[in-house]
Amino acid sequence: MHPRFLELQLEGSLQRMMLDSLDIFYLQNPYEAQGPYTTERVFKERLTAAFEFCEKAVADGKIKGYGIATYSSLRVKPTEAKLHMNLADVHKIAEEVGGKGNHFKYVQLPCNVMMPEAFCEPWQKIEDRNGVEREKILMAVAADLGLNVIST
């Protein structure tokens, strides 16, 4: 997720596809790749730097929006230490970086009859309007945050 790596990947993709910009730029498995091997503080710093890169890429006209693509971290129980990622926490980082008008708009994950957690397990925590933390299904949290869910 290092910004220089992301820059090289974005520029290479644009060049190979002969495009000026991408509609969506995904960070692939950010928590699966780094969360288990570092502290939460370090992971947050790295995700913040990646989101700063993405917001700059939007400002430069290289991408229109960005998101995270994840296989398991948004689908596992919160009790699964070093495997579970909370979507509201990720969205909060995007707001810290890009404000309310940030361009973090997409979440991609498996969501099907064999992997139904995103639409049936209340494993994501989010604060309601009164500041009370609630457990909800991922699809409801994404809707509350104005995020688009892309199923794989």
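Things worth noting here:
- Evaluated at q = 0.10, 0.15 Å⁻¹: base-10 log I(q)/I(0), Debye formula over Cα of segment 73-152: -0.23, -0.51
- Value at 222 nm in deg cm²/dmol, rounded to 500, when DSSP H runs of n ≥ 4 in the chain each add -39,500 (n - 2.57): -12500 deg cm²/dmol
- The candidate values were [x] 15.3, 48; [y] 15.6, 46; [z] 19.4, 64; the one computed from these coordinates for Rg and Dmax of the Cα atoms in Å carries the label [x].
- Per residue, the chain exposes an accessible area of 56 Å² to a 1.4 Å probe, with every protein chain left in place.
- Extension gain, Lys105 to Val132, is 7.3 nm, computed as 0.36 nm per intervening residue step minus the present C-alpha separation.
- Relative contact order for segment 47-101, counting Cα pairs under 8 Å that sit 6 or more residues apart, in percent: 38 percent
- Charged neighbours of Gly99, selected by a Cβ distance under 13 Å, balance to -2 (K, R count +1; D, E count -1).
- Descending by average beta-carbon neighbour count within 10 Å, the peptides 60-70, 107-117 line up as 60-70, 107-117, the highest first.
- The label-point distance for Met17 and Ala69, in a model that sets each label 7 Å from Cα toward Cβ, rounds to 1.0 nm.
- When you filter the GluC sites (Glu not before Pro) in segment 11-86 for DSSP loop state and at most 14 other Cβ atoms inside 10 Å of their Cβ, you are left with Glu80.
- Separation of the Thr152 and Phe119 label points, Cα + 7 Å toward Cβ, nm: 1.9 nm
- Residues considered: Arg41, Arg129, Arg75. Largest GNM mean-square fluctuation over the chain, using C-alpha springs under 10 Å, is found at Arg129.
- Apportionment of accessible area to carbon and sulfur, segment 31-152, percent (1.4 Å): 53 percent
- Extended-chain gain in nm, criterion 0.36 nm per residue less alpha-carbon gap, Glu52 and Thr39: 2.7 nm
- Simple spin-label estimate for Asp60 and Gln28 in nanometres, 7 Å along Cα-Cβ: 2.0 nm
- Between Ala88 and Glu7, the FRET efficiency estimated from the beta carbon spacing at R0 = 30 angstrom works out to 0.60.
The values are calculated or read from the model by the stated rules, or taken from the named source; none is laboratory data. Computed from a prediction, not measured in an experiment: that's the story for all the values here. For neighbour counting, all protein chains shown are included, and Cβ atoms are generated from backbone atoms with ideal geometry for every residue, glycine included. These accessible areas exclude ligands, DNA and RNA; they are computed on the full protein's heavy atoms, side chains included. Shrake-Rupley method; radii C 1.70, N 1.55, O 1.52, S 1.80 Å.
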